[in-house]
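Trainee: First the structure, which I've put down as structure tokens, then a few questions once you've had a look.
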Amino acid sequence: MTLNDFFRDHPAAALAFSGGVDSAYLLHAGLACGAHLRPYFVRSPFQPAFELEDARRLTRQLGTELRVVEADVLALPDVRNNPPDRCYHCKRAIFSAIHAAARADGLSLILDGTNASDDASDRPGMRALRELAVRSPLRECGLTKAEIRRLSHEAGLFSWDSPAYACLATRIPAGTPITPEALALTESAETALAAMGFSDFRVRTFHGCARIQVRPSQLPLALERRPEILETLGKQYDGVMLDLEVRDEQ
């Protein structure tokens, strides 16, 4: 099955839209197929400000309207208390909010940007998507992350080389309650590092310290900017650490 086939069979749908590589390409492809595909961005304390900015920029580029839906996920104890299955409860809340907004707009089918490279067994939130009957056309059509980046580049989407980005809650260890203050601290720290030239990195909370994870290719930059990192993050955290056990380059 191709995306053309999918959208021929499903010409109207709501899209959970983050402004990242996958959902951006799916929106482009759906609109190019002539589908009535409406993007919904769920704004919560877990999303940094730049995600909404990117989502708005992309929908402007593609000539469609972005619907912003509010979700107070921290009001849910199963999210706020940060149990190991927090992502499941959060996804259910987020996609339930999209379902409600989409139904009000006359749309019953919900899509997301999960692709064929995503490991469903390693994503607790996937259970919530199955329970809510959310479809993943990129995955169903066998499109991998590398293919989506290539196709996005060919389509002229600025998001084609955007790094993968998990929500701010993933920076806080399971079992540690999530607070607005902790999320704001994380966003501030990551914004500061991005301004120093880092990309595709994380600032995780570890016993009151900032544990920085960068790609191997950016380790020299971390050493070069060490004084600035220590001065900036040292004001906010009890200590600053560089985690050498990082993911391989992709």
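The values are calculated or read from the model by the stated rules, or taken from the named source; none is laboratory data. Because the structure is predicted, anything quoted here is derived from the model rather than measured. Virtual Cβ from ideal backbone geometry, glycine too; neighbours counted across all protein chains shown.
Trainee: Out of Leu31, Leu74, I need the residue that is outside any loop (DSSP other than H, G, I, E, B), in the same structural domain as Pro137 (by TED's automatic domain parsing) and over 19 Å from His153 (Cβ atoms). Which one?
Mentor: Leu74
Trainee: Further question on the same structure: Could you list, in sequence order, the residues of the stretch 17-57 that are closer than 25 Å to Thr170 by Cα, aliphatic (A, V, I, L, M) and in contact with a Leu (Cβ under 7 Å, 6 or more places away or on another chain)?
Mentor: Ala24, Leu26, Ala55
Trainee: Which of the residues spanning the stretch 59-72 are in contact with a Ser or Thr (Cβ under 6 Å, 6 or more places away or on another chain) and at pLDDT 95 or above?
Mentor: At the first step, the residues of the stretch 59-72 found to be in contact with a Ser or Thr (Cβ under 6 Å, 6 or more places away or on another chain) are 66, 71.
Of everything in the stretch 59-72, just one residue is in contact with a Ser or Thr (Cβ under 6 Å, 6 or more places away or on another chain) and at pLDDT 95 or above, namely Leu66.
Trainee: Being part of a helix (DSSP H, G or I), in contact with a strand residue (DSSP E or B) (Cβ under 8 Å, 6 or more places away or on another chain) and either buried (at least 18 other Cβ atoms within 10 Å of the Cβ) or not assigned by TED's automatic domain parsing to the domain that holds His10 (or both), is that true of even one residue in the stretch 54-62?
Mentor: Yes, the stretch 54-62 contains a residue that is part of a helix (DSSP H, G or I), in contact with a strand residue (DSSP E or B) (Cβ under 8 Å, 6 or more places away or on another chain) and either buried (at least 18 other Cβ atoms within 10 Å of the Cβ) or not assigned by TED's automatic domain parsing to the domain that holds His10 (or both).
Trainee: Tell me which helices (runs of 4 or more DSSP H) are completely within the stretch 145-232 and hold 3 or more residues being in contact with a helix residue (DSSP H, G or I) (Cβ under 8 Å, 6 or more places away or on another chain) and outside the structural domain of Ala116 (by TED's automatic domain parsing), or say none if there are none. Walk me through how you get there before you give the answer.
Mentor: Numbers: elements: 145-155, 180-195, 219-224.
Of the helices (runs of 4 or more DSSP H) lying wholly inside the stretch 145-232, those with at least 3 residues that are in contact with a helix residue (DSSP H, G or I) (Cβ under 8 Å, 6 or more places away or on another chain) and outside the structural domain of Ala116 (by TED's automatic domain parsing) span 180-195.
Trainee: Same structure again: Of everything in the stretch 15-34, what is under 19 Å from Asp105 (Cα atoms) and surrounded by fewer than 22 Cβ atoms within 10 Å (Cβ to Cβ)? Give them in sequence order.
Mentor: Leu31, Gly34
Trainee: Suppose we filter the stretch 67-95 for residues that are of a type in the set (A, V, I, L, M) and either without any contact (Cβ under 8 Å) to a residue 12 or more places away in the chain or touching a Lys or Arg at 6+ places or on another chain (Cβ under 6 Å) (or both); how many remain? Give the steps one after another, and end with the answer.
Mentor: As a first pass, look at the stretch 67-95 and keep what is of a type in the set (A, V, I, L, M): 68-69, 71, 73-76, 79, 93-94.
Subset that is either without any contact (Cβ under 8 Å) to a residue 12 or more places away in the chain or touching a Lys or Arg at 6+ places or on another chain (Cβ under 6 Å) (or both): 68, 74-75, 79.
Matching residues across the stretch 67-95 total 4.
Trainee: In contact with a strand residue (DSSP E or B) (Cβ under 9 Å, 6 or more places away or on another chain) and in a helix (DSSP H, G or I): does that describe Leu242? Steps first, answer last, please.
Mentor: On the way: in contact with a strand residue (DSSP E or B) (Cβ under 9 Å, 6 or more places away or on another chain): yes; in a helix (DSSP H, G or I): no.
No; evaluated as a whole, the condition is false for this residue.
Trainee: Quick one: Ala100 ticks every box in (1) part of a helix (DSSP H, G or I); (2) touching a Leu at 6+ places or on another chain (Cβ under 7 Å); (3) among the small types (Gly, Ala, Ser) except a single one, so which number is it?
Mentor: (2)
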